[in-house]
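What follows is a single structure, written as C-alpha cells, with notes after it.
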Amino acid sequence: MIEFIYFKILLIDMYIVFEGIDGAGKSTQINLLKQWLFDSGFEVETIIEPTDSDIGKLIRKTLQNPDATSENIQKTLGLLFAADRLALMDKIVKNEEKNKIILSDRSFYSSLAYQQPYEWIAEINKFAESPDLVFLLDLDVDLAITRCSCEDEFEKKSFLSHVRKNYLELAAIHDFNIINASNGENKVQSDIRKALAHSLGICVSGID
Ligand SMILES: Nc1ncnc2c1ncn2[C@@H]1O[C@H](COP(=O)(O)OP(=O)(O)OP(=O)(O)O)[C@@H](O)[C@H]1O
Ligand SMILES: Cc1cn([C@H]2C[C@H](O)[C@@H](COP(=O)(O)O)O2)c(=O)[nH]c1=O
C-alpha cells in the first residue's frame with residue numbers, strides 16, 4: 001500500500017499522451033491504463049483528438065475526402081486539427097487544484113507526424129501544451145491495417161508507412177517511450193505500466 005501512496009504523491013498532475021498510426025491500439029491501452037490508475041486511487045480523465053466538437057466532426061468528414069492526403073487538404077486539416085486542439089488547452093493547462101491524470105489519445109505530435117510541411121505545422125501548434133509523457137505505440141504498418149476499420153483515406157499502407165517513419169524520428173528527438181504494439185494487449189499494457197513507473201523512478205506492484 002505504501003508503494004501506491006508514494007505513487008500518488010508523485011503523480012498528482014500529469015498530461016500523458018498516446019501516439020501511433022491508425023490501428024496501433026491507443027484507445028485499447030488508454031482504457032486499460034485508466035482502469036488500473038483508477039483502481040489505484042487516482043482521478044483520471046481521458047481526452048481524444050479529434051474531439052467530438054463541430055470542428056472535430058468537420059475533420060472526420062474531411063478525412064473521408066479521396067484527396068485527403070493531398071498537400072492542400074493536408075494544410076487545411078492541419079489548421080482544423082490545431083483549432084480543435086486549442087479548445088482542449090484549458091482542460092490540459094497544469095493546475096495543482098485539478099489533481100488529476102489526463103490520458104490523451106493523440107496530441108499535436110499527431111499533426112507533426114501526419115501533416116506537412118513540418119515547420120508550418122509546428123508554428124500553428126506553438127500554443128499546444130507539451131505532454132509530461134508520450135507513449136508511441138509502434139508496429140508494422142501491415143499489421144496495423146489489419147486492425148483498422150478502413151474508414152478514412154489515411155488508413156492506406158503507403159501513407160501510414162510515411163507517418164510511422166515520422167513518428168520514429170519525433171520519438172528520437174523528443175524522448176518518447178516507444179512501446180512494441182505488435183504484442184498482445186496485456187503484454188503491451190504491462191510494458192506501458194513498466195515504462196510509466198520507470199519514468200517516475202518508482203517500483204509499483206501489480207505489474208506482470
Ligand atoms: N495488442 C493488440 N493485439 C491485437 N489486436 C489489438 C491490440 N490492440 C488493439 N487491438 C484491436 O485493434 C483494433 C484497433 O484498436 P484501437 O481502436 O485501440 O486502436 P487505435 O490506435 O485507437 O486506432 P485508431 O487510431 O484507428 O482509432 C481494435 O479492434 C482492437 O480490439
Ligand atoms: C489528432 C490528429 C489526427 N490525425 C488523423 C489520424 C487518424 O487517421 C485520424 C483520426 O484519428 P483516430 O485516432 O483514427 O480517431 O486523424 C491527423 O492526421 N492529425 C492530427 O493532428
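The values are calculated or read from the model by the stated rules, or taken from the named source; none is laboratory data. The structure presented is a predicted model; accordingly, all values stated were derived computationally and were not measured. Quick reminder, even Gly has a Cβ in these numbers, built from the backbone with ideal geometry, and neighbours come from all protein chains shown. Ligands, DNA and RNA are excluded from the accessible area calculation, which covers all protein heavy atoms including side chains. Shrake-Rupley method; radii C 1.70, N 1.55, O 1.52, S 1.80 Å.
Based on protein heavy atoms only, the chain ends up with 50 Å² per residue of surface accessible to a 1.4 Å probe. Protection proxy ranking of 76-84, 100-108, by the mean of other Cβ atoms within 10 Å over each peptide's residues and highest first, is 100-108, 76-84. Label-to-label distance, Ser190 versus Ala87, with points set 7 angstrom from Cα along the beta-carbon direction: 4.1 nm. Across the chain, the mean sequence separation of Cα contacts (distance under 8 Å, 6 or more residues apart), normalised by length, yields a relative contact order of 32 percent. Extension gain, Ala172-Gln35: 0.36 nm per intervening residue step, less the Cα-Cα distance, totals 46.4 nm. Using the Cβ-Cβ distance between Leu79 and Ile48 with R0 set to 22 Å, the FRET efficiency from 1/(1 + (r/R0)^6) comes to roughly 0.70.
Potential lengthening of the chain between Glu123 and Leu143 amounts to 3.9 nm, from the contour at 0.36 nm per residue minus the alpha-carbon distance. Please report the carbon-and-sulfur percent of the accessible area for the chain; probe 1.4 Å, protein heavy atoms only, DNA, RNA and ligands left out. The C+S portion of the solvent-accessible surface of the chain is 54 percent.
Between the residues Leu168, Gln35, Ile124, the greatest Cα displacement towards the positive end of the dipole of the chain, with unit charges on the Cβ of Lys, Arg, Asp and Glu, is found for Gln35. Residue pairs exceeding 20 angstrom between C-alpha atoms, taken from Lys126/Lys156; Lys34/Lys187; Lys34/Lys100; Lys126/Lys157: Lys126/Lys156; Lys126/Lys157. The C-alpha radius of gyration of region 14-200, expressed as a fraction of 2.2 N^0.38 Å, stands at 0.99. Database remark: amide H of Ile101 closer than 5 angstrom to the amide H of Met14, Glu43, Val44, Glu45 (H placed geometrically; neighbours at sequence offset of 5 or more, or on other chains; Pro and chain starts carry no H).
Using Cβ point charges alone (K and R +1, D and E -1), the dipole size of the chain about the Cα centre works out to roughly 100 debye.
Local charge for Thr51 was computed over the other residues whose Cβ lies under 11 Å away, with Lys and Arg +1 and Asp and Glu -1, and equals 0. Working note: Cα atoms of region 109-158, range along each principal axis, descending, whole Å: 35, 24, 16.
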